[in-house]
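Trainee: The following block contains the structure, expressed as structure tokens.
The values are calculated or read from the model by the stated rules, or taken from the named source; none is laboratory data. What you see is a predicted model, and the numbers here were worked out from it, not measured in a lab. Counting neighbours? That spans all protein chains shown, and the Cβs are built from the backbone with ideal geometry, glycine included.
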């Protein structure tokens with residue numbers, strides 16, 4: 001019995017020792033900092049960022065949405081931020097200037113996709129002065145970005161359209177047409193010179209943006225210029241036709257449908273369905289066109305605008321049903 005108690009005591013001591021070791025290990029693991037997710041670690045070197053950016057420089061961002069990196073952020077935006085962070089963190093190591101040309105060139109590539117053309121041109125020229133191997137391409141790209149910056153300043157920008165309808169007819173829309181057409185001419189000539197390069201998509205995006213601004217201008221003024229509704233519809237139809245290959249093609253159709261729906265709503269407000277001045281044919285043209293445009297986008301599977309178009313269609317049909325149905329019966 002004495003021997004059995006001795007063995008039992010030894011086993012109990014060993015068990016307690018193992019328990020204390022397990023507790024200490026658990027405490028140590030609980031207090032230690034977990035390893036960061038490798039997907040969200042900062043870039044380790046410049047080449048890592050530039051390699052990712054270089055892969056996406058040839059992307060056709062006119063037809064397709066910009067690529068996103070492993071964090072889900074726009075790859076051009078994220079690359080620019082990472083390059084700027086590396087410049088700040090490793091300022092002493094980069095002071096010798098061995099990588100300055102490469103970094104500024106890469107930053108210019110990112111900036112031009114973010115429509116900061118003046119900044120991109122400046123970075124390209126710095127790269128041309130500091131790296132002879134990049135000089136030719138940097139100067140060519142700087143000229144393209146400078147031309148894009150000048151073209152953007154030729155006519156009213158989309159940001160300046162807010163509240164423009166309050167300016168009245170003194171805004172001289174015909175003179176604005178001259179400015180819009182001049183900007184379009186410059187951009188189309190530039191498109192010919194950059195054909196076959198990655199700048200072709202960048203220029204095409206700017207042509208689309210210029211056309212969208214032109215249409216938005218006339219949509220903002222449609223209530224204060226002669227035949228404003230007809231002019232606004234015509235300009236939006238022009239955008240839909242010219243840019244049917246764009247990544248924003250569905251967005252353009254929805255914008256046109258929204259205009260038809262707005263005009264229909266305004267028409268009923270001006271001429272209630274029970275009034276003698278209510279024109280059934282006019283109202284039907286507006287509602288059928290808006291419905292057809294919404295249905296076009298709502299039927300396109302895989303489109304991010306599909307759900308929006310479907311919901312707008314439901315809301316518009318609900319409005320149309322409130323109109324006196326007797327007007328539509330023979």
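For every residue, the table says whether it meets (1) crowded, with 18+ Cβ neighbours inside 10 Å; (2) at pLDDT 95 or above; (3) assigned to a helix (DSSP H, G or I).
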| position | (1), (2), (3) |
| --- | --- |
| 281 | no, no, yes |
| 293 | yes, yes, yes |
| 297 | yes, yes, yes |
| 302 | no, no, no |
| 311 | no, yes, yes |
| 314 | no, yes, yes |
| 318 | no, no, yes |
| 323 | yes, no, no |
| 327 | no, no, yes |
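Trainee: Out of curiosity, is residue 286 within 35 Å of the chain's Cα centre (by Cα) and over 21 Å from residue 215 (Cα atoms)?
Mentor: Values: within 35 Å of the chain's Cα centre (by Cα): yes; over 21 Å from residue 215 (Cα atoms): no.
So residue 286 fails the test.
Yes/no per residue for (1) out of contact with any helix residue (DSSP H, G or I) (no Cβ under 9 Å at 6 or more places or on another chain); (2) surrounded by fewer than 16 Cβ atoms within 10 Å (Cβ to Cβ); (3) at pLDDT 95 or above; (4) within 23 Å of residue 212 (Cβ to Cβ):
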position: 76; (1), (2), (3), (4): no, no, yes, yes
position: 92; (1), (2), (3), (4): yes, yes, no, no
position: 101; (1), (2), (3), (4): no, no, no, no
position: 117; (1), (2), (3), (4): no, no, yes, yes
position: 130; (1), (2), (3), (4): no, no, no, no
position: 161; (1), (2), (3), (4): no, yes, no, yes
position: 175; (1), (2), (3), (4): yes, yes, no, yes
position: 191; (1), (2), (3), (4): no, no, yes, yes
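Trainee: Counting just the residues of the stretch 226-277 that are closer than 13 Å to residue 290 by Cβ, without any contact (Cβ under 8 Å) to a residue 40 or more places away in the chain and over 29 Å from the mean Cα position of the chain (by Cα), which one comes out surrounded by the most Cβ atoms within 10 Å (Cβ to Cβ)?
Mentor: 267
Trainee: If you don't mind, there's one more thing I want to ask. With the stretch 51-148 as the region, which helices (runs of 4 or more DSSP H) entirely inside it contain at least 1 residues that are touching a residue at least 60 places away in the same chain (Cβ under 8 Å)? Step through it out loud before you land on a result.
Mentor: Numbers: elements: 75-89, 100-113, 117-130.
The helices (runs of 4 or more DSSP H) meeting that bar are 100-113.
Trainee: Moving on. Somewhere in the stretch 202-212, is a residue surrounded by 21 or more Cβ atoms within 10 Å (Cβ to Cβ), touching a residue at least 40 places away in the same chain (Cβ under 8 Å), in contact with a helix residue (DSSP H, G or I) (Cβ under 8 Å, 6 or more places away or on another chain) and not in a helix (DSSP H, G or I)?
Mentor: no
Trainee: Continuing with this model, one more query. Output the number of residues of the stretch 214-225 satisfying the condition of being under 20 Å from the mean Cα position of the chain (by Cα) and either over 14 Å from residue 156 (Cβ atoms) or crowded, with 20+ Cβ neighbours inside 10 Å (or both). It would help to see each step written out before you state the result.
Mentor: Pass one, the stretch 214-225, residues under 20 Å from the mean Cα position of the chain (by Cα): 214-216.
Subset that is either over 14 Å from residue 156 (Cβ atoms) or crowded, with 20+ Cβ neighbours inside 10 Å (or both): 214-215.
Count: 2.
Trainee: Moving on to the next point. With the structure loaded, tell me whether residue 244 is closer than 30 Å to residue 207 by Cβ, outside any helix (DSSP H, G or I) and modelled with pLDDT of 90 or more or whether it fails that test. Let's see the steps before the verdict.
Mentor: Details: closer than 30 Å to residue 207 by Cβ: yes; outside any helix (DSSP H, G or I): yes; modelled with pLDDT of 90 or more: yes.
Answer is yes for this residue.
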